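A quick write-up on the structure given underneath.
The values are calculated or read from the model by the stated rules, or taken from the named source; none is laboratory data. As the structure is a prediction and not an experimental result, all values here were calculated from the model. All Cβ positions, glycine included, derive from the backbone under ideal geometry; neighbour counts span all protein chains shown. Ligands, DNA and RNA are stripped out before the accessible areas are found, and what is left, the full protein with its side chains, is counted by its heavy atoms. Shrake-Rupley method; radii C 1.70, N 1.55, O 1.52, S 1.80 Å.
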Amino acid sequence: MLLTPAVAAETPWQEVAPGARVRLISSDVLKPGDTTMVALEIDMPLSTNTYWRVPGETGIPTVFDFSGSRGVAGHEALWPFPLIETKSGYVDYVYRGPTVLPVELKLDGAAVELKLGVVMGVCSEICVPVTASFDLPLSFAAPDRAQGLRIAQALALTPMPWDDPRDPIAWVGFDAAAKALAVRVDDAELDPLSLIADTGEAGQLFGAPQKSPDGKLVLLPLLGGESSRGVEGMPVRLTFMTEMGPFSVERRISSAGSTGAVD
């Protein structure tokens, strides 16, 4: 696909699927530490979806490639909290409708010219991988306030590390009998049915949260017919929604009998 030239701190829209289009936007603000924020903006109907950083059982991961850029030393995608969607028995983590995916860029002090290649899944009745390429020079002469606001709104929906002394997750273990991750929630502000567990983009997948029969734990079933061998002791990231917004914590999976998690 041809590179699309930029206008101001945005590129023109590119149609990547029927009813779905994408563009690259920038705040055009140089922050302390030689960083700046850009984002992939996706315009699509509510009947169409793309995927979170861990796409789920059937989803297609979104990949950002800035290797052709000048003045960029590194990048980190910052993912807003997704929807947990169960469809035809499969669990995926998705975005529907208009979506902004922020990316923080680390710059190396040179003049910045972004060349971004994106591969992502776009799904309506069928799911297809699509590609887009963008070319966006950044001058930092004046902030683009409209695009900066769009990016800030998306960042407000991006899970932050939990740093409150009150631990919202009392215990995490693996229940071999249920073949599920068991999580004891110890904070009334945490929505237990918003819990997402992952061990990395290529790691074990866990399903949609369910209350345990005794109501004391949240269970997230191991998906995909994967063996439970090696799950105990594995690091896991738990992402969840609270009244204050989305957060995440990292824990290590204990065995079900290692604590008093189940009375």
List every residue pair whose Cβ atoms lie under 7 Å apart, where the two residues are 6 or more positions apart in sequence or sit on different chains, the first residue falls within the stretch 85-100 and is closer than 23 Å to A154 by Cβ and modelled with pLDDT under 90, and the second residue, located anywhere, is open to solvent by 60 Å² or more (accessible area, probe 1.4 Å) and part of a strand (DSSP E or B). none
Starting from residues that are open to solvent by less than 70 Å² (accessible area, probe 1.4 Å) and among the β-branched types (V, I, T), keep the ones in the stretch 220-263 and report whichever is modelled with the highest pLDDT. T239
Any hit, the stretch 116-124, residues being touching a Cys at 6+ places or on another chain (Cβ under 7 Å) and either over 29 Å from L238 (Cβ atoms) or in contact (Cβ under 8 Å) with a residue 24 or more places away in the chain (or both): yes
Taking the stretch 98-141 and keeping residues part of a loop (DSSP other than H, G, I, E, B) and open to solvent by 60 Å² or more (accessible area, probe 1.4 Å) leaves P98, D108, G109, A111, S124, E125, I126, S139, A141
